[in-house]
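Notes to accompany the following structure.
The values are calculated or read from the model by the stated rules, or taken from the named source; none is laboratory data. What you see is a predicted model, and the numbers here were worked out from it, not measured in a lab. Virtual Cβ from ideal backbone geometry, glycine too; neighbours counted across all protein chains shown.
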Amino acid sequence: MKTKIIEATNVEAGGFNYGKFMLGRMDGEWGHKSAIDDKGYGLLGRIGWTRQHLWVMDLQTGEGACFLPGGHAANDLDKHKVWVCPMFEPFLQWLYTQQLDDLDALPDLVQLEAASDMRGYRRQGSS
């Protein structure tokens, strides 16, 4: 898995939050063949993952999910019901607008326009 850590803050926008995120993209794992499927198909593609999917983990809370960038950040976070820091949704919104072919090309720090909050929370989702 190829990983990239990016820090995010809203300090320049007058806030005080600081998020720490790790992105992960499957790499050598694409060659993994299913131990159950005797046809030799690659497991990840067989179960619906694409090379565009990214794991996004909040390093502060230790929670995250696999997202397909380009969706709607708030809905995607609600779907997974992860515990998020106040910067997770603004970070995911920013991430969805980036060129993601080369994770190393992304900055180590991003300044985001985001409201401040004293604590994180669990996304409630729709169910």
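Overview of results
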{"quantity": "Residue tally, condition exposed (fewer than 14 other Cβ atoms within 10 Å of the Cβ) and either touching a Lys or Arg at 6+ places or on another chain (Cβ under 8 Å) or not charged (D, E, K, R) (or both), over the range 24-43", "calculated": "10"}
{"quantity": "Flag if V82 is free of Cβ contacts under 8 Å to residues at least 40 places away in the same chain and crowded, with 19+ Cβ neighbours inside 10 Å", "calculated": "no"}
{"quantity": "Any hit, the range 30-48, residues being under 20 Å from Q98 (Cβ atoms), out of contact with any helix residue (DSSP H, G or I) (no Cβ under 9 Å at 6 or more places or on another chain) and not hydroxyl-bearing (S, T, Y)", "calculated": "no"}
{"quantity": "Cβ-Cβ under 6 Å pairs, at least 6 apart or on other chains, the range 1-23 side free of Cβ contacts under 8 Å to residues at least 40 places away in the same chain and surrounded by 13 or more Cβ atoms within 10 Å (Cβ to Cβ), far side in a strand (DSSP E or B) and charged (D, E, K, R)", "calculated": "none"}
{"quantity": "The range 44-58, residues that are farther than 14 Å from L92 by Cα, modelled with pLDDT of 90 or more and aliphatic (A, V, I, L, M)", "calculated": "L44"}
{"quantity": "Unmet criterion (only one of (1) closer than 22 Å to F16 by Cβ; (2) in a helix (DSSP H, G or I); (3) at pLDDT below 90) for P86", "calculated": "(2)"}
{"quantity": "Filter result for the condition that a residue is surrounded by 13 or more Cβ atoms within 10 Å (Cβ to Cβ) and assigned to a loop (DSSP other than H, G, I, E, B), over T61, T50", "calculated": "T61"}
{"quantity": "Residue selected from the range 64-79 under the condition of a type outside the set (D, E, K, R) and assigned to a helix (DSSP H, G or I), by the criterion surrounded by the fewest Cβ atoms within 10 Å (Cβ to Cβ)", "calculated": "N75"}
